[in-house]
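One structure below.
The values are calculated or read from the model by the stated rules, or taken from the named source; none is laboratory data. Everything numeric in this text was worked out from a predicted model, so none of it was measured. Ideal geometry is used to build each Cβ from the backbone, glycine not excepted, and the neighbour counts take in all protein chains shown. Surface accessibility is based on the protein's heavy atoms, side chains included, excluding ligands, DNA and RNA. Shrake-Rupley method; radii C 1.70, N 1.55, O 1.52, S 1.80 Å.
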Protein chains: 2
Amino acid sequence: MTEASGGRLRPGPANSLADVAGLRVGHASRRGAGWLTGTTVIVPQGEGAAAGVDVRGGGPGTRETDQLDARNSAERVHAIVLGGGSAFGLAAADGVMGRLARAGRGKRVGPAPGNVVPIVPAAIVFDLGRGGDFCCRPGAEFGAAAYDAAMASTGADTAAGEDGIVTAGSNATGAVGAGTGAVAGGLKGGVGMASVVLEGGITVAAMAVVNCAGSVLHPETGVLYGAAFGLPGEFDWLAPPQPGDLADAARFLRPPGHAPARALNTTIGVIATDLALTKAQCAKMASVGHDGLARAVRPAHSMFDGDTIFGLSTGPTAGHQISAGNHGASDDGRSPSPIFHQLLAAAADCFTRAIVHGVLSATTATTPAGHWPAYLDTFPSAGRH
Amino acid sequence: MTEASGGRLRPGPANSLADVAGLRVGHASRRGAGWLTGTTVIVPQGEGAAAGVDVRGGGPGTRETDQLDARNSAERVHAIVLGGGSAFGLAAADGVMGRLARAGRGKRVGPAPGNVVPIVPAAIVFDLGRGGDFCCRPGAEFGAAAYDAAMASTGADTAAGEDGIVTAGSNATGAVGAGTGAVAGGLKGGVGMASVVLEGGITVAAMAVVNCAGSVLHPETGVLYGAAFGLPGEFDWLAPPQPGDLADAARFLRPPGHAPARALNTTIGVIATDLALTKAQCAKMASVGHDGLARAVRPAHSMFDGDTIFGLSTGPTAGHQISAGNHGASDDGRSPSPIFHQLLAAAADCFTRAIVHGVLSATTATTPAGHWPAYLDTFPSAGRH
């Protein structure tokens, strides 16, 4: 089902977070020998990006989010880290900070070129033990590898590196980076992305690491909640699963109040735009991203989830720029601005669509710790439209 | 469409906020001669209720919400006021405070029986000028009349009082109280309610004043977003509108980025339970209520909306009580608690259902300022299932 009245809207060239000019994305993952986890890094080029955050899950794991409060001092962030490994995985940001500092990128705090403190906010999902070994979690080397992949990336290229770490570039989705060990309501989760180009040429894009305690599908029909919110043609190929598939997969058709057997989950992500925004406007954009999450996952923001979304603006140092009167204030004397309204609506919808893509691009995983089938393997009739 | 796997769940006796033991609800409205607005009051009996709030719209109008911060001193609230009249309508709380003080109900601040300060948080919706006169807005007399109606109420009884104010009791919905002048995405809005009884006998219920800038229906199908989340039988009588209705009502099939022509809207409400909760838990319950709002309204939480939800717990002074180990902490050593998880999921779903009922019980309004048709008058084929 598509949105007839949204027919004017189209995705960016890759339907990816990297459709926002100035953003690079890299992933580092490790599988086997007890591993099933990874790290994702988003790197704004130039002077960094304005950023905000909204933390709405009951069990978050974050780093440097207080710097994103509009009252606090950081004006730009130099990278965002999304990772597996629960709170241990926040260590991946150490490696990203090291790479940025070596490149002289960060908040300047002294006269020498290397006198910088990179601002690298991070959030994690719970995936401990899913590869079989509770202690196999991302450290600084994952952050460094993901950063290197981001800087070298030309698309969805992948490469096997040292220490069993595999990297992937900007347009990769599914079981990559922070989505490597992700599980969504018992099904395999992963990284999903979506973008849209608004009238006037502003790009909005989202990345979601789908690892939710709640379900992504309606317990009666097996239809993905978020599939109703695609752009024309985006999810038209999906069909309601047939009764045989529903009967076979009844354990995934869970009522919304069902408490997960595993302790913790979490969906995290980023919403970005090339429209110039203040920190506070970035936070508002992140905030409505949680509406997109709620439309794709039910229930969301539970005490089993640490749901966190970052908002990034690459303007005015890169990408599309419009006059200040066109977003914060109104261009026609009305307040609030119709353009900012359109941006917020698109931000929520991009996050919903990113979650759907994360679920659809996930691949079935089996480890010593468990078996997590992908949606399209579990409900094959859904993909035969 | 109903939820097969939620078949164990049923609504409370009236599918109303007043299904939560210890809560009384009253409405005061005025229509004609420039008026189309009103006030709703929720009054917890006994020692009041624990309360929290989550303000997520970009243009809120509130009163006493800072007292609900878990760090601040108020332990119980003595009433909640929801009202029309934009920020002017906060004056209705004055009348409620007066009635409560006269009854000796409030936070005790001195030795005499009347030495009390009632804690009466309030939130408003924008409906100024919809009756034709911008200056016709609720004052203290509306709060007092709604309070009196709540205390006298035995159900959906209505009564005409002084000054053209009409009152209604606990189970009234539609164009009553704060919903009198409500408009939802161009259609007539109103007050809606829903409740559910969880396993173990805990009741959760919601009231929504549906006055959103966003739309309550999918722009391609005309189907109410929230109708997929009903209890068995609740919305089964609804059908997708037929093509003729969609063609006739094309102006209500708006893309999500469409900015409203009128400046401001806002959806507000209350979610309540008889389970004993802390202030912080009440705030969390209110917070996930916004997920229910996001599922029923798209977009939600815009800069044109001041979306605000209060969370109330009438336990332990009234209603269902369970041991402390069963909610804040876990009953089986797991944390978080499965019971609190179920409560939060139900809270979000009740708010979605309340919005659908608010839309379905709305009645077409025509004033010198405009014409706002009800959903079922606009899409009559939706009601002929």
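Hey, what did the stretch A:16-75 get for relative contact order, percent, Cα under 8 Å, at least 6 apart?
It rounds to 23 percent for the stretch A:16-75.
How long is the stretch A:5-67 along each principal axis, judged by its Cα atoms, biggest number first, in Å?
47, 33, 32 Å, listed from the longest principal axis down.
Dividing the convex hull volume of the alpha carbon atoms of the stretch A:154-227 by its residue count, what do you get in Å³ per residue?
Value for the stretch A:154-227: 111 Å³ per residue.
Just check the stretch B:130-185 against the gyration tensor rule for me: Cα atoms, a ≥ b ≥ c as the square roots of the eigenvalues, rounded for a/c under 1.5, and otherwise prolate or oblate depending on whether a/b exceeds b/c.
It is oblate, given that a/c is not under 1.5 and a/b is not larger than b/c.
Using 7 Å Cα-to-Cβ label points, what is the B:ASP248/B:ALA103 separation (nm, one decimal)?
With each label placed 7 Å out from Cα toward Cβ, I get 4.6 nm.
As a test of the definition: with a 1.4 Å probe, what buried accessible area, both sides summed, do you compute for B against A, in Å² to the nearest 100?
4000
Along Cα-to-Cβ, 7 Å out, sits the label point; list in nm, shortest first, how far the one on A:GLY200 is from those in the other copies.
Ordered by distance, the counterparts are at 4.9 nm.
Give me a comma-separated list of calculated 3J(HN,Hα) values for the stretch B:216-224, in order, Karplus coefficients 6.51, -1.76, 1.60 applied at θ = phi - 60°, integers in Hz, x for any Gly or Pro.
Couplings: 9, 9, 5, x, 8, 9, x, 6, 5 Hz.
Expressed as a whole percentage, what fraction of the accessible surface of chain B belongs to carbon and sulfur atoms when a 1.4 Å probe is rolled over the protein heavy atoms?
Carbon and sulfur: 54 percent of the exposed surface of chain B.
Going by a 1.4 Å probe on protein heavy atoms, which residues of the stretch B:284-315 end up with at least 40 Å² less accessible surface in the whole assembly than in their chain alone?
B:LYS284, B:ASP291, B:ALA294, B:ARG295, B:ARG298, B:HIS301, B:MET303, B:PHE304
Using 13 Å as the cut-off for backbone N distance, which residues of the stretch A:66-93 belong to the label zone defined by a point 7 Å from the Cα of A:ALA152 along Cα→Cβ?
Those under the cut-off are none; the list is empty.
How high is the FRET efficiency from A:ARG8 to A:ASP236, r the C-beta distance, R0 25 Å, rounded to 0.05?
E between A:ARG8 and A:ASP236, to the nearest 0.05, is 0.90.
What does the net charge come to around B:ALA382 if you take all other residues with beta carbon closer than 13 Å to its beta carbon, with K and R at +1 and D and E at -1?
Counting the neighbours of B:ALA382, the net charge comes to -3.
Percent of Cα-Cα pairs more than 19 Å apart in the stretch A:54-125, please.
Roughly 37 percent, rounded to a whole number.
What accessible area per residue comes out for chain B, rounded to a whole number of Å², with a 1.4 Å probe?
Per residue, chain B has an accessible area of 32 Å².
Return the loop-located trypsin sites (Lys or Arg not before Pro) in the stretch B:34-117 (DSSP other than H, G, I, E, B) with at most 16 other Cβ atoms within 10 Å of their own Cβ; answer none if there are none.
Counting only loop positions with at most 16 other Cβ atoms within 10 Å, the trypsin sites (Lys or Arg not before Pro) in the stretch B:34-117 are B:ARG71.
Please report Rg (one decimal) and Dmax (integer) in Å for the Cα set of the stretch B:94-251.
19.7, 68
Identify the residue of chain B whose Cβ lies closest to the rotation axis that maps chain B onto chain A, and give that distance in whole Å.
B:ALA294, 2
Using a Gaussian network model of chain A with C-alpha springs under 10 Å, which one of A:ALA362, A:ALA122, A:ALA152 is most mobile by mean-square fluctuation?
A:ALA152
I'd like the FRET efficiency for B:VAL117 and B:ALA159, computed as 1/(1 + (r/R0)^6) with the beta carbon distance as r and R0 of 30 Å, rounded to 0.05.
So, using R0 = 30 Å, E works out to roughly 0.50.
Share of Cα-Cα pairs in the stretch A:206-280 beyond 22 Å, in percent?
Roughly 43 percent, rounded to a whole number.
Using only DSSP helix segments of four residues or longer, with each worth -39500 (n - 2.57), what per-residue ellipticity at 222 nm results for chain A after dividing by its residue count and rounding to 500?
It lands at -6000 deg cm²/dmol.
Where the label is 7 Å out from Cα toward Cβ, how close does A:ASP248 come to the same position in every other copy, in nm, shortest first?
4.6
Highest GNM mean-square fluctuation, chain A, Cα pairs closer than 10 Å: which of A:VAL210, A:VAL43, A:VAL116?
A:VAL116
So which residue, out of B:SER86, B:SER361, B:SER73, gets the largest mean-square fluctuation from a GNM of chain B using Cα contacts under 10 Å as springs?
In this elastic network of chain B, the residue with the biggest mean-square fluctuation among B:SER86, B:SER361, B:SER73 is B:SER73.
Give the cross-link partners of B:LYS279 among the lysines, using a straight C-alpha distance below 24 Å as the criterion and excluding same-chain residues fewer than 8 apart.
Output for B:LYS279: B:LYS107.
Regarding the stretch A:1-134, what are the three Cα extents along the principal axes, ordered largest first, in Å?
Extents along the principal axes: 57, 46, 29 Å.
List the relative contact order of chain B as a percent without decimals, with contacts defined as Cα pairs under 8 Å and 6+ residues apart.
Relative contact order, chain B: 24 percent.
Put +1 on the Cβ of every Lys and Arg and -1 on every Asp and Glu Cβ in the protein assembly as shown; which of B:PHE142, A:GLY131, B:ALA228 then has its Cα farthest towards the positive end of the dipole?
After comparing all options, I get B:PHE142.
Where in chain B are the helices, taken as whole DSSP H runs, whose Cα atoms extend 15 angstrom or more along the long axis and whose Kyte-Doolittle mean reaches at least 0.0?
What comes out of the filter, once short or polar helices are dropped, is B:92-102, B:140-152, B:338-360.
Give the Debye-formula value of log10 I(q)/I(0) at each listed q (0.06, 0.10, 0.11 Å⁻¹), with one equal scatterer per alpha carbon of the protein assembly as shown, two decimals each.
With one equal scatterer per Cα and no solvent, log10 I(q)/I(0) is -0.34, -0.96, -1.15.
For chain B, compute Rh as the Kirkwood radius over C-alpha pairs and then the Stokes-Einstein diffusion coefficient at 10 °C and 1.306 mPa s; write the answer in µm²/s, rounded to an integer.
D = 78 µm²/s.
Which longest uninterrupted range of chain A lacks any GluC sites (Glu not before Pro) assigned by DSSP to a loop state (not H, G, I, E or B) and surrounded by at most 15 other Cβ atoms within 10 Å?
Longest site-free region, per DSSP loop and neighbour criteria: A:200-385.
List, shortest first and in nm to one decimal, how far the label point of A:ALA159 (7 Å from Cα along Cα→Cβ) is from its counterparts in the other copies.
Between copies, matching label points for A:ALA159 lie 7.9 nm apart.
Between B:THR363 and B:ALA21, what FRET efficiency follows from the Cβ-Cβ distance if R0 is 22 Å, with the result rounded to 0.05?
In this case the efficiency is close to 0.15.
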